[in-house]
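**Q** First the structure, then my questions, so here it is.
The values are calculated or read from the model by the stated rules, or taken from the named source; none is laboratory data. Every value quoted in this text rests on a predicted model; they were computed, and no experiment measured them. For neighbour counting, all protein chains shown are included, and Cβ atoms are generated from backbone atoms with ideal geometry for every residue, glycine included.
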Amino acid sequence: MSRVRLAARALRLALNKAHADPTADYDAASGDYDAFFSPVMGRHSIAALDAVPVAPGDTVVELACGTGHLTEEIVRRLNGRGAVHAVDKSPGMLRVAKEKVLPHASAALHIELSEGDMDAFVQAQPSASADLVVVGWAICYTKPTRLLAEIERVLRPGGRVVVIETRADAHRALTESLERIFADDPSLLTGLIRVTLPKDAATVARWFVKAGLAVDVQREGAQTIPAHTPEDAVEWVQRSGAAAGFKTAVDSAREQLVLDRIAAGLGEILAQQGVLDIQHTFVVVAGTKPVNSTASTAVRRRSGDEEASVV
Ligand SMILES: C[S@@+](CC[C@H](N)C(=O)[O-])C[C@H]1O[C@@H](n2cnc3c(N)ncnc32)[C@H](O)[C@@H]1O
């Protein structure tokens, strides 16, 4: 019965367009992101970049650059020549990225970090202007096939795109615990976290194909988060930004109550299984804009094979 009440509550919030915006949570996490997320998941981001060539002189577009973890590596690989056009919606995350990356700019290496929405940003880029587009851990915040169709337009023929994204089954113990808490008391849920997390790499590969991109690489990955106690786990997901949107999804007056209940739920798992093994599963897909691409972007924009995961 409580699941029915939760579904009714979610429906009411959806009808009222009560969507949790992750930007405030990313702003809050920006000072910690490079101490929590980047050291754990960042090596997988760098490995994803290995799936595409970055050569001196290239023009690279990076969508949702965050604190610039990947941007810094792109700049290193450009080796002093080329251009980076990056965007992020969170002023806090962007501030960290600017401090890290802008000192590398020169007459031969143009670096521009803009604050804004990635959909609007990519739409403003000229057609056939980029050698590479990179989207790290952020395609979930858009309509993926629409964004990829726009990326296809922006890429020059033969240009490449790489996406790394969290899988829908990531942090299962945490998300199941949260679902139980909301099911017990649906009034705790005040906004919906709308993210399009893919079920698997094949899902993202299908998004690529619908956008007119050829798929070169598709693979799955998993990383155990560094949490041996329930309190560690709650701290990691909060401070790494992995729970972005949580603050606006939960009744702010009772946020601590929800966190305590999550920790209690994880404590039960720890007592039963003797270990907390919380996996951050993810996918990597890289592709190419075909040299003789003729398909119409407008037609592809209508495609809708997107697996929305809404908390
Ligand atoms: C998990 S972080 C990833 C940051 C970076 N790409 C990395 O690999 O570390 C997600 C980022 O997406 C940004 N973001 C979310 N929605 C966005 C949007 N619609 N437009 C631009 N940035 C967005 C957030 O502000 C955050 O910095």
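**Q** Quick one: count up the residues across segment 217-231 that are surrounded by 16 or more Cβ atoms within 10 Å (Cβ to Cβ) and among the charged types (D, E, K, R).
**A** Qualifying residue count for the region: 0.
**Q** Tally up the residues in segment 31-55 that are without any contact (Cβ under 8 Å) to a residue 24 or more places away in the chain and either surrounded by 18 or more Cβ atoms within 10 Å (Cβ to Cβ) or among the acidic types (Asp, Glu) (or both), please.
**A** The qualifying residues number 1.
Matching residues to (1) surrounded by 21 or more Cβ atoms within 10 Å (Cβ to Cβ); (2) within 13 Å of the ligand (Cβ to nearest atom); (3) farther than 19 Å from residue 135 by Cα:
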site: 57; (1), (2), (3): no, no, yes
site: 63; (1), (2), (3): yes, yes, no
site: 68; (1), (2), (3): yes, yes, no
site: 72; (1), (2), (3): no, yes, no
site: 91; (1), (2), (3): no, yes, no
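**Q** Would you be able to say whether some residue in segment 180-192 is of a type in the set (A, V, I, L, M, F, W, C) and part of a loop (DSSP other than H, G, I, E, B)? Even if it seems obvious, please write down each step before you answer.
**A** Of the residues in segment 180-192, the ones of a type in the set (A, V, I, L, M, F, W, C) are 181-183, 188-189, 192.
From the residues that got through so far, the ones that are part of a loop (DSSP other than H, G, I, E, B) too are none.
No, segment 180-192 contains no residue that is of a type in the set (A, V, I, L, M, F, W, C) and part of a loop (DSSP other than H, G, I, E, B).
**Q** Given the residues 233, 183, 253, which is the only one that is closer than 28 Å to residue 65 by Cα and among the hydrophobic types (A, V, I, L, M, F, W, C)? Before you say what the answer is, go through the steps one by one.
**A** Numbers: 183 fails: closer than 28 Å to residue 65 by Cα; 253 fails: closer than 28 Å to residue 65 by Cα.
The conditions single out 233.
**Q** Would you check if there is a residue in segment 202-215 being more than 24 Å from residue 29 (Cα to Cα), away from the ligand (no atom under 16 Å from the Cβ) and assigned to a strand (DSSP E or B)?
**A** First pass over segment 202-215, keeping only residues more than 24 Å from residue 29 (Cα to Cα): 202-215.
Next, only the ones that are away from the ligand (no atom under 16 Å from the Cβ) stay: 202-203, 205-215.
This time we only want the ones that are assigned to a strand (DSSP E or B), so: 214-215.
Yes, segment 202-215 has at least one match.
**Q** A further question follows. Across segment 126-141, what is the number of residues that are crowded, with 19+ Cβ neighbours inside 10 Å and modelled with pLDDT of 95 or more?
**A** Here the count works out to 10.
**Q** For segment 274-311, which positions are in a strand (DSSP E or B), modelled with pLDDT of 50 or more and of a type in the set (Gly, Ala, Ser)?
**A** Step one: list which residues in segment 274-311 are in a strand (DSSP E or B), which gives 279-288, 309-310.
Within this subset, residues satisfying the condition of being modelled with pLDDT of 50 or more are 279-288.
If the condition is that a residue be in a strand (DSSP E or B), modelled with pLDDT of 50 or more and of a type in the set (Gly, Ala, Ser), then 286, 287 are the ones that fit.
**Q** Filter segment 235-269 down to residues that are more than 13 Å from the ligand (Cβ to nearest atom) and not in a helix (DSSP H, G or I) and give me whichever is surrounded by the fewest Cβ atoms within 10 Å (Cβ to Cβ).
**A** 251
**Q** How many residues are under 23 Å from residue 146 (Cβ atoms), in contact with an Asp or Glu (Cβ under 9 Å, 6 or more places away or on another chain) and near the ligand (Cβ under 10 Å from one of its atoms) when one looks only at segment 46-55?
**A** The total comes to 0.
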